[in-house]
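Each reported figure results from applying straightforward, stated rules to the coordinates on display, with no laboratory input. All values derive from a computational prediction rather than experimental measurement. Here the Cβ is made from the backbone with ideal geometry for all residues, glycine too, and neighbour counts use every protein chain on show.
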Amino acid sequence: MTRLSAITPSGPGHVGNYLGAVRRWAREGGPDDLYFVSDLHGMTTPYHPQKLRGRTRELLAILIAAGIEPDTVFVQSDLLHQLGPLTWVLECSCAFGEAARMTQFKEKSADRTHEGTPVRVGLFTYPVLMAADILLQGADEVPVGEDQAQHVELARVLARRFNSTYGDAFVVPKAVTPPAGARIRDLADPARKMNKSSGDSPGVLFVLDEPDLLRRKVKRAVTDGLGRLEYRPDEQPGLANLLEILAACQGKSPREVVAGYSTYGEVKDAVADAVIEELRPLRERTRELLSDPAELDRIRAVGGARAAERGAHRLSTVLRLAGVG
């Protein structure tokens, strides 16, 4: 059984990424599972090449520092020589209407249009690239949230279509819902998720933030004027977000942790302490890896070679069956 998960370097890694996904990958990942930094996906909207390269290395270091087995981690662009031809084959199997129905494309292209920036073709076709990521590795399961389930369904459609038209080459994957994790919101705006692409937002707790900065951000977190210490996400989203962060760090439920405090200030102090201690070993190990580029490059090369080896036979089979190999 192979599971495949990815994280896109649209910004620096933050506590929401870690508590919501990366920590679980480290704790529950099996020897056949694969995790990758999807830097090619980060090119679908305007970006800075140097920042993309730096954030890719940072996220790779975070995955390793979190305790994920190094040889199960790779960078997407290191497989470009395989993903390029496979994506083209899949694009030639995908109907325009199937790609056009992707909800994320509709939403993100609408945002780009509203901002007056061009909508890139890559934003339209990247679900096919995502299908290539999945199908190249023969993934059986792809843990995704609701916003990505439609893309996994497209991968299933394309896999079945290729198999029935040209011959069996692909495992037909399925989307699975991962265990409910922490749903961390922006501390300055609890109405939205904590987001890597938020830049230096005061509401985002980045993995590499110094302890003093983490504490300042938590202390400034938006709460409310109700003065009621209860876990009520709909009525008190700011307080609920702090309680969810604290609960995730302590391995408890938000309703369990709230019982120990009598003021918002106490909750914020507890959250700051918990986050600082939770991130401390991760931050230190990540910085060690980033300060030793040769070692990080070595780890990256090993993971990339393993992923490429897994996909080589499948790609050659696909190209042969498609008549171009």
Checklist entry - Quick one: if you stick a label point 7 Å off each Cα along the C-beta vector at His81 and Ala294, how many nm between them? => result 2.4 nm
Next on the checklist: Quick check: Cα centre of region 261-325 to Cα centre of region 41-80, how many Å?
Outcome noted: 7 Å
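So, R0 is 30 Å and r is the distance between the beta-carbons of Thr165 and Met1; what FRET efficiency does that work out to, to 0.05? Walk me through the numbers on the way to the answer.
Details: r = 27 Å, r/R0 = 0.90.
Step by step, r from the Cβ atoms, then E = 0.65.
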Checklist outcome for this item: Residue-normalised 222 nm signal for the chain, counting each DSSP H run of n ≥ 4 as -39,500 (n - 2.57), nearest 500 deg cm²/dmol, is -17500 deg cm²/dmol
Item to check | Selected from Asp212, Asp273, Asp140 as most flexible by GNM, with the chain as the system and alpha-carbon contacts under 10 Å | outcome: Asp212
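The chain: longest stretch without exposed trypsin sites (Lys or Arg not before Pro) (DSSP loop, at most 15 other Cβ within 10 Å), sites themselves excluded?
Values: sites that count: Arg101, Arg192, Arg220, Arg228, Lys252.
With trypsin sites (Lys or Arg not before Pro) excluded where exposed in loops, the chain gives 1-100 as its longest stretch.
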Checklist entry - Looking only at Val37, Val257, Val152, which one moves most when the chain is put into a Gaussian network model with springs between Cα atoms under 10 Å? => result Val257
Next on the checklist: Shape verdict for region 192-315, please, from the Cα gyration tensor: rounded (a/c under 1.5), prolate (a/b greater than b/c) or oblate.
Outcome noted: prolate
Checklist entry - Over the chain, what is the percentage of antiparallel beta bridges among all DSSP beta bridges, to the nearest 5? => result 15 percent
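Suppose R0 equals 45 Å. What FRET efficiency, 1/(1 + (r/R0)^6) with r the Cβ-Cβ distance, do Arg192 and Ala308 give to the nearest 0.05? Provide the component values of the computation, followed by the final result.
On the way: r = 37 Å, r/R0 = 0.83.
Here the calculated transfer efficiency is 0.75.
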Checklist entry - Nearest 10 degrees, 0 to 90: what angle lies between the long axis of helix 146-166 and the longest principal axis of the chain (Cα atoms)? => result 10 degrees
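Using r as the Cβ-Cβ distance of Leu319 and Glu284, and R0 as 30 Å, what FRET efficiency do you calculate, to the nearest 0.05? Numbers along the way, then the final one.
Details: r = 45 Å, r/R0 = 1.50.
Calculated value: 0.10.
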Item to check | Linear extension gain, Trp88 paired with Ser262, 0.36 nm per residue minus alpha-carbon span | outcome: 56.7 nm
Checklist entry - Is the shape of region 67-187 best called rounded, prolate or oblate, per the rule: a/c under 1.5 gives rounded, else a/b larger than b/c gives prolate, else oblate, with a ≥ b ≥ c the square roots of the Cα gyration tensor eigenvalues? => result oblate
Item to check | For region 118-264, alpha-carbon Rg and Dmax in angstrom | outcome: 20.7, 66
Checklist outcome for this item: Among [x] 18.4, 53; [y] 18.6, 57; [z] 20.9, 70, the entry matching Rg and Dmax of the Cα atoms in Å as calculated here is [z]
Checklist entry - Which is farthest toward the positive dipole end of the chain among Val75, Val222, Phe96, measuring Cα position about the Cα centre, with Cβ charges +1 (Lys, Arg) and -1 (Asp, Glu)? => result Phe96
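Hey, what did region 15-171 get for relative contact order, percent, Cα under 8 Å, at least 6 apart?
Values: 132 pairs, mean separation 34.8, N = 157.
Normalised by residue count, the contact order of region 15-171 is 22 percent.
Once you have a ≥ b ≥ c as the square roots of the Cα gyration tensor eigenvalues for region 1-85, tell me rounded if a/c is under 1.5, and otherwise prolate or oblate according to whether a/b is larger than b/c.
Values: a/c = 2.09, a/b = 1.27, b/c = 1.65.
Because a/c hits 1.5 or more and a/b fails to exceed b/c, region 1-85 counts as oblate.
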